[in-house]
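Note sheet for the following structure.
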Amino acid sequence: KSSKITKPAPATSAPPSGGIFWTVDGNITPPSFLCLIGVPLILSGQFLYGGVILVIAMVVAIQLAMSQIKEEEKQAIRYNILEPDDIIAELEELEEEKQQSAETKEMTESDKTKCLACLSALAKKHKRINQEGSKEFPLLCQQAAYLTLRLLPKDGEAVGSCIALLALVAKDEEVRQRNKYQADVYGLDRPIQALREVLELAKKEEDEEREGELAETLRKGCLFFGALSDNDKDLNLATTIVQEEGLELILDIANWFRFHEEIANWSMWSIFILCYDCIQNKVELIRLAGVTTVCSLLSNNATSLEVTRHGIAILYDLLREGNTEAGKKYNYDPWAVRTQALAAGLHNTVVKAMNEFSDSMDIMMMGQEMLLGTGYRGDIPQFQQM
């Protein structure tokens with residue numbers, strides 16, 4: 001993708017900056033004027049009059065300072081002070097206004113600023129309140145994120161803040177139960193669709209900085225899916241994510257940003273979490289040509305240890321013996337998986353990974369087993385302890 005290069009603007013002298021005690025033009029402000037009157041009065045012994053004037057100067061200076069604060073900073077200060085329940089009330093009020101207008105109300109820039117400030121305030125409170133052991137706070141974070149996704153479903157910045165907040169609370173058991181049993185309000189289809197919109201924006205974006213911001217949102221999305229299903233044995237959220245086309249989305253993200261090391265790393269980590277010990281999801285991964293995607297990411301990020309470790313782990317898990325689940329029958333054909341893997345360049349990919357990280361015990365052990373099990377006839381790299 002080509003990027004636009006603009007010529008730097010010609011250097012100009014910086015204009016004088018304004019402040020509390022002087023204007024942009026360099027003139028004095030009311031607080032300065034009052035100080036010039038008050039200080040001589042105090043020095044001349046008229047403490048009462050001088051003190052009153054200086055107090056007035058301080059009040060005027062504070063008011064002037066507040067007026068110069070940007071709207072985003074004002075909102076951030078306000079919501080950092082509010083309690084989580086009050087922040088949720090603010091978002092619910094915005095949603096109610098939109099519903100009363102029969103969904104025709106367009107979200108203004110001020111509304112967006114308010115939503116982002118609410119999410120940012122909750123994220124900042126998370127570490128402190130989480131240490132206190134609050135059971136309600138993770139649910140409030142989830143509620144705020146879903147409220148914002150309903151209000152700003154196609155705004156990349158807002159979606160990024162929502163996904164980041166959802167990832168923070170993804171391991172909470174009650175949050176997961178909401179995703180499972182209250183799917184009409186907290187279904188996984190909503191964040192998946194929102195991230196799909198972000199991916200489409202990223203594909204059309206020509207500004208590299210903006211594209212990087214969208215890529216970071218998608219990386220957080222991969223992290224969110226993995227965190228939500230990690231160590232989940234009872235709710236089967238991994239299966240739900242795949243059924244809602246979450247796995248397909250992760251593969252699309254990985255294929256588009258195949259040279260982006262962080263996306264490659266977290267997308268493959270997420271794929272491994274979703275598919276490990278879940279034959280149904282492995283079948284879907286094979287159907288979506290996931291083996292080809294994994295081999296492509298390994299080749300394009302060959303110097304990354306974490307990408308290589310996760311990619312090799314996925315391939316090993318797909319090719320190993322014993323891919324069955326008690327009491328369940330799936331059309332999982334290990335020979336078809338082997339054929340697809342070999343067609344995707346399995347041998348070349350694995351050998352390169354083993355040569356690059358010959359001091360990594362797990363990569364070398366899994367790589368050797370895969371090469372032996374798939375009929376590789378060349379020299380197999382050996383473990384070399386550093």
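Here is the list for region 165-220: GluC sites (Glu not before Pro) lying in DSSP coil, each with at most 12 other C-beta atoms within 10 angstrom of its C-beta, are Glu206. The mean sequence distance of close C-alpha pairs (under 8 Å, at least 6 residues apart), as a share of the length of the chain, puts its relative contact order at 9 percent. Calculated FRET efficiency, His347 to Glu174, Cβ-Cβ distance, R0 = 41 Å: about 0.30 to the nearest 0.05. When its C-alpha radius of gyration is set against 2.2 N^0.38 Å (N residues), region 157-243 gives a value of 1.13.
In square nanometres, what is the average projected area of the Cα convex hull of the chain?
Values: hull surface 119.3 nm².
About 29.8 nm², averaged over all directions.
Computed extension length for Val52-Glu97: 11.6 nm, one decimal, from 0.36 nm per residue of separation with the Cα-Cα distance subtracted. Write out the GluC sites (Glu not before Pro) in region 225-333 meeting two conditions: DSSP loop, and at most 10 other Cβ atoms within 10 Å of their Cβ. Passing both the DSSP loop test and the Cβ count: Glu321. Build a GNM of the chain with springs between Cα atoms under 10 Å apart, and of Thr240, Thr148, Thr23 the one that fluctuates most is Thr23. Against the main long axis of the alpha-carbon atoms of the chain, helix 208-229 sits at an angle near 60°.
May I ask for the angle, rounded to the nearest 10°, between helix 346-356 and the longest principal axis of the chain, with both axes built from Cα atoms and the value confined to 0 to 90°? Between helix and principal axis, roughly 60 degrees. Using DSSP loop states and a limit of at most 11 other Cβ atoms within 10 Å to flag trypsin sites (Lys or Arg not before Pro), what is the longest stretch of the chain containing no flagged site? That would be 136-232. Remark: spin-label model distance Asp25-Thr374 equals 7.5 nm, labels positioned 7 Å along the Cα→Cβ axis. Distance from a point 7 Å along Cα→Cβ of Lys112 to each backbone N in region 154-197: keep the residues under 19 Å and list them by number. Output list for this probe position: 154-165, 194-197. Computed over the Cα atoms of region 211-307, the ratio of the radius of gyration to the Kirkwood radius (Rg/Rh) comes to 0.95.
Here r is the Cβ-Cβ distance between Phe33 and Arg78 and R0 is 30 Å; the resulting FRET efficiency, rounded to 0.05, is 0.45. Springs between Cα atoms under 10 Å define the GNM used for the chain, and in it the highest mean-square fluctuation of Gly226, Gly375, Gly311 occurs at Gly375.
Shown here for region 87-154: GluC sites (Glu not before Pro) in loop regions (DSSP other than H, G, I, E, B) with at most 12 other Cβ atoms within 10 Å, namely Glu103, Glu106, Glu132, Glu136. Residues whose amide H falls under 5 Å from that of Trp22, counting only those 5 or more places apart or on a different chain, are Thr29, with hydrogens built in the peptide plane.
Taken together, the values in this text are just the output of simple stated rules run on the coordinates, not laboratory data. A quick note: this is a predicted structure, and the numbers were derived from the prediction, not measured. Here Cβ is always computed from backbone atoms with ideal geometry, including for glycine, and neighbour counts include all displayed protein chains.
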